[in-house]
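To start, the structure itself, in structure tokens.
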Amino acid sequence: MLDAPNSRQPRNSLRLQTQAKALRTVHTLTELKDALTWAQNHALAVLPLGEGSNVVLQPQLNALVLVIKLLGREKLNETDGHVTLRIGAGENWHALVTWSLEQGYYGLENLALIPGTVGAAPIQNIGAYGCELAPFVTAVHSRYCRDGSALSLSREECGFGYRDSVFKQRLADQLVITHVDLQLAKQPAVNTQYPALQSAIEAAGQANNATPQNVYDAVVALRRARLPDPAIEPNAGSFFKNPVVPQDLAVALQQQYPGIPVFPVNQQQRKLAAAWLIEQAGWKGQRLGGVGIHSGHALVLVNYGANSGPAILALAAKIQASVAQKFAVQLEIEPRIYGALA
Ligand code: FAD
Ligand code: EPU
């Protein structure tokens with residue numbers, strides 16, 4: 001019933017070496033139920049994984065790792081204006097974005113080329129280029145790890161925020177997401193507000209007539225130019241969240257550092273660019289042993305051969321300490337950290 005637990009191929013985009021107590025790939029709801037029962041009987045925690053592009057895995061995982069491969073794209077409902085789809089958690093996110101555009105279902109273009117699965121997308125409410133997953137979600141369907149019982153949540157119940165949801169808070173590590181319902185538009189409408197995207201669309205002469213396909217192409221090109229490919233330089237995307245700070249602190253920093261990027265959040269809070277803070281603290285392109293900060297984007301930590309969770313986390317701690325000392329800002333790690341030292 002179990003897959004080989006010691007597979008030599010790391011199942012995470014940072015390519016960190018880790019050993020789980022057990023591992024199973026789940027293709028159906030029946031297999032999922034069996035696996036959850038098996039974990040209960042062996043008193044093991046359950047760790048659902050999609051494509052491992054947002055995790056830092058420590059050397060020992062005292063858990064049953066479930067690789068979620070539940071597939072399927074089902075049309076639940078269609079009106080003149082919208083279509084509602086039920087997507088299996090194991091579907092690849094970017095493949096879904098590409099397919100939905102081909103079908104004439106619009107809205108997801110700004111989220112093209114984000115690695116990972118549909119089931120992981122609600123966990124941190126994936127976002128990019130001025131868009132987040134949240135507004136498209138009508139429901140998230142799941143099973144409790146403890147007994148396999150079903151739980152479906154509406155968008156409101158998901159508690160989505162910036163890189164946040166109920167799945168990282170009150171319900172953290174309790175559920176396996178099986179399907180996500182998404183409502184997409186049948187009339188094309190584009191969102192090109194994000195500055196880098198707007199510049200790219202303008203440069204292509206599409207400022208007044210950009211199509212969803214134009215936005216998709218521009219986002220794919222921007223991402224390829226800016227972010228390292230994990231297959232070549234193992235990474236987990238942004239390693240830290242962009243910090244949300246009190247307005248007073250943002251104003252004080254602007255006075256001291258006139259070039260600092262500051263983005264509005266609400267009347268009391270502002271968002272800073274973690275990449276800028278890290279670059280100004282002198283970390284961009286630095287290496288420490290077998291890990292380092294990418295020379296093209298200061299928010300991306302890369303495993304250059306250390307292959308170890310502790311090495312990456314030690315570098316992250318040094319960056320956090322130096323940014324806190326220079327700017328009085330605490331950076332929060334974005335990927336989820338699992339496991340224990342050997
Ligand atoms: P995994 O890494 O396998 O898991 C992530 C978390 O979700 C874990 O806590 C895991 O337990 C949980 N999980 C996974 N599947 C399930 C399930 N079915 N049920 C319950 N829990 C589950 N993110 C963005 O938001 N925006 C970006 O622009 C972006 N760019 C990236 C660029 C690169 C190069 C990389 C490597 C990552 C980037 N990310 C980005 C992060 C990542 O793509 C997303 O977080 C993605 O949703 C992770 O999907 P995954 O299947 O790999 O999840
Ligand atoms: N910047 C620097 N130095 C760098 C890189 C960027 O100073 O090395 C500055 C830029 O000049 C810009 C600002 O930082 O002013 C923001 O940079 P960018 O547009 O590249 O976006 P980001 O804030 O670093 C966020 C998300 C990404 C997402 C992009 C595009 C977070 C933590 N990260 O990055 O998401 O793809 O915007 O929307 O919110 C991820 O979550 O893994 C991820 C890659």
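When the gyration tensor of the chain is built from Cα positions, what are the square roots of 5 times its three eigenvalues, in whole Å, from largest to smallest? Before the final figure, lay out each step's value.
Details: eigenvalues 196, 160, 67 Å².
The answer is 31, 28, 18 Å, longest axis first.
Once you reduce the range 120-136 and the range 233-278 to the center of their Cα atoms, the two points are 20 Å from each other. Using R₀ = 35 Å, calculate the FRET efficiency as 1/(1 + (r/R₀)^6) where r is the Cβ-Cβ separation of LYS75 and ASN208; round to 0.05. Computed FRET efficiency for LYS75 and ASN208 comes out at 0.60.
How about the range 165-257: which trypsin sites (Lys or Arg not before Pro) there are in a DSSP loop, with at most 15 other Cβ atoms within 10 Å of their Cβ?
Values: sites: LYS168, ARG170, LYS186, ARG223, ARG224, ARG226, LYS241; in loops: LYS168, ARG170, LYS186, LYS241.
Loop-located and lightly packed - ARG170, LYS186.
THR84: net charge of surrounding residues, Cβ under 13 Å, Lys/Arg +1, Asp/Glu -1, itself excluded? Charge balance in the 13 Å sphere: +2.
Projecting label points 7 angstrom from Cα along Cα→Cβ for LYS33 and GLN17 puts them 4.0 nm apart. Rounded to the nearest whole Hz, the Karplus-based 3J(HN,Hα) values (6.51 cos²θ - 1.76 cosθ + 1.60, θ = phi - 60°) of the range 26-43 follow the sequence 10, 9, 9, 5, 5, 4, 5, 4, 4, 5, 5, 5, 4, 4, 4, 5, 9, 6, with x at glycine and proline. Determine the shape class of the range 1-158: with a ≥ b ≥ c the square roots of the Cα gyration tensor eigenvalues, call it rounded for a/c under 1.5, and otherwise prolate if a/b is greater than b/c, oblate otherwise. It is prolate, given that a/c is not under 1.5 and a/b is the larger ratio. Listed values for the range 154-163 are Karplus-derived 3J(HN,Hα) couplings in whole Hz (6.51 cos²θ - 1.76 cosθ + 1.60, θ = phi - 60°), namely 6, 4, 4, 5, 6, x, 5, x, 5, 6, and x replaces Gly and Pro.
Given a 1.4 angstrom probe, I'd like the percentage of the accessible area of the chain that is carbon and sulfur, rounded to a whole number. Walk me through the numbers on the way to the answer.
Working: 7580 of 15740 Å².
Carbon-and-sulfur percentage of accessible area, whole number: 48.
Using a 10 Å cut-off on Cβ atoms, rank the peptides 245-252, 256-263, 113-120 from the highest mean neighbour count down.
Values: 245-252: 15.0, 256-263: 12.0, 113-120: 24.1.
Put in order of decreasing packing, that is 113-120, 245-252, 256-263.
From the helices alone, meaning DSSP H stretches of at least four residues, give me the mean residue ellipticity at 222 nm for the chain, per-run term -39500 (n - 2.57), in deg cm²/dmol to the nearest 500. Please report the intermediate quantities before stating the final value.
Numbers: 7 runs with 84 residues, N = 342.
Result for the chain, helices only: -7500 deg cm²/dmol.
In the range 69-167, what trypsin sites (Lys or Arg not before Pro) fall in a loop by DSSP, with at most 16 other Cβ atoms inside 10 Å?
Values: sites: LYS69, ARG73, LYS75, ARG86, ARG143, ARG146, ARG155, ARG163; in loops: LYS69, ARG146, ARG155, ARG163.
Answer by residue number: ARG146.
Modelled this way, with points 7 Å down the Cα-to-C-beta line, the labels at ALA314 and VAL220 are 4.1 nm from one another.
The label-point distance for TYR304 and GLN268, in a model that sets each label 7 Å from Cα toward Cβ, rounds to 4.3 nm. Amide H contacts for ILE337 (H built 1.01 Å from N in the peptide plane; partners 5 or more residues away or on another chain; cut-off under 5 Å): VAL56. Ignoring lysines fewer than eight residues from LYS326 along the same chain, the ones with Cα atoms less than 25 angstrom from its Cα are LYS241, LYS271, LYS284, LYS318. When the chain is fully extended, how far beyond the present Cα-Cα distance does ASN191 get from HIS82, taking 0.36 nm per residue of separation? The ASN191-HIS82 span can extend by a further 37.5 nm.
Can you give the net charge of the other residues whose Cβ lies under 15 Å from the Cβ of ALA150, counting K and R as +1 and D and E as -1?
+1
In the range 215-305, the convex hull through the Cα atoms has an average projected area of 7.2 nm², a quarter of its surface area. Putting +1 on Lys and Arg Cβ atoms and -1 on Asp and Glu Cβ atoms, find which of GLN103, ALA35, ALA328 reaches farthest to the positive end of the dipole of the chain. After comparing all options, I get ALA328.
The values are calculated or read from the model by the stated rules, or taken from the named source; none is laboratory data. Everything numeric in this text was worked out from a predicted model, so none of it was measured. When we count neighbours, we look across all protein chains shown, and the Cβ atoms used for this are built from the backbone with ideal geometry, even at glycine. Surface accessibility is based on the protein's heavy atoms, side chains included, excluding ligands, DNA and RNA. Shrake-Rupley method; radii C 1.70, N 1.55, O 1.52, S 1.80 Å.
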